[in-house]
Amino acid sequence: MRSAPVAPAGPGPGRPTPAHLALATLVAAVWGVNFVVIEIGLAHFPPLLFSALRFLAAALPAVFLVGPPKVPWKGILGVGLVLGVAKFGLLFTGMDLGAPAGLSSLVLQVQAVFTALFAFAALGERPARIQLLGMAVALAGIGVAAVEDGATGSTAGFLLVIAAAACWGVSNVLTRKAAPPDALNFMVWVSTVPVLPLLLLSLLLEGPERDLEALRGLDWAGVGTLVYVAWITTVFGFGAWGFLLRRYPASSVAPFSLLVPVFGMSSAALVLGEPVTPLRWCAAALLVGGVALATIRRRTVAEPESRVPLSTPDGGATP
């Protein structure tokens, strides 16, 4: 009896091509560098105004090009308020209060722990033992990062970044329930929701004088940061990420998100001169390793793997 021929090794449904591996790495780099760009942008804009302008630029003119929403408006509004207003408002404000860009890119990844906890509470997705171990390791990394930040940064800013990670976890569960078939279409429509609430909050909390001063003093550096966080991070980043997730299983794509804090910390050190201490690398190893374990999902043979992971990295937006 002749045995069946063995297919040659090479790219397949679960094995990205070299070009697509490079694209996934590029997206992770774009999202990692985004934290440095946010830090630069905060020198030009108050944080809530900056966040509002980011979503305005991401929504226009893209909202006229991606077609109508493909999920109910309830899902778009929920994610837009929690992700856009709460998560990014807290993140930008935390960084404005002194949370370092590189450390923020790292600490924000604890969203994977919050996502697993909220998914258990809201969706009944019981974590496996390996996931519980990953959560414990990631939380240990947060503890080490807190010690590091206590010596060099702002406690208030650090706590706001953790709160932003918790809001990101909630938005991931809401995104899971909305089940958008097109990540870019969903992200663009979500971007329309936070603009007015963030502008109102900026007027109330930051003041019209400060907002007008920032807009009057707008220069090419400020415009460049807006272009990057809106079009490069959001439109290109999520468009490319959605393309990869439609083409390959999530298990082949999602691990590249663990490169985001690596690029974030490295670019912050190179561009902003942030120190990369042994303690910070220890926190990075614990957090990234814990997140990697926490995102492992149990799956039976009969259960096909979802091509849409419960969360995506950022600085982008679902940075």
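The values are calculated or read from the model by the stated rules, or taken from the named source; none is laboratory data. Predicted, not measured: the structure shown is a model, and the values here were computed from it. Heads up: the accessible areas ignore ligands, DNA and RNA and are worked out on the full protein's heavy atoms, side chains in. Shrake-Rupley method; radii C 1.70, N 1.55, O 1.52, S 1.80 Å.
Quick notes on this one:
- Other-chain or far-sequence residues with amide H under 5 Å of Val71's (modelled H): none
- Between segment 14-53 and segment 69-130, the alpha-carbon center distance in angstrom: 16
- Only DSSP H runs of four or more residues enter the estimate; each adds -39500 (n - 2.57), and after division by the residues of the chain the mean residue ellipticity at 222 nm equals -19000 deg cm²/dmol.
- Solvent-accessible heavy-atom area per residue, rounded to whole Å², over segment 96-213 at 1.4 Å: 42
- Gap separating the Cα centres of segment 176-193 and segment 202-217, nearest whole Å: 30
- Portion, in percent, of the accessible area of the chain that falls on carbon or sulfur, probe 1.4 Å: 72
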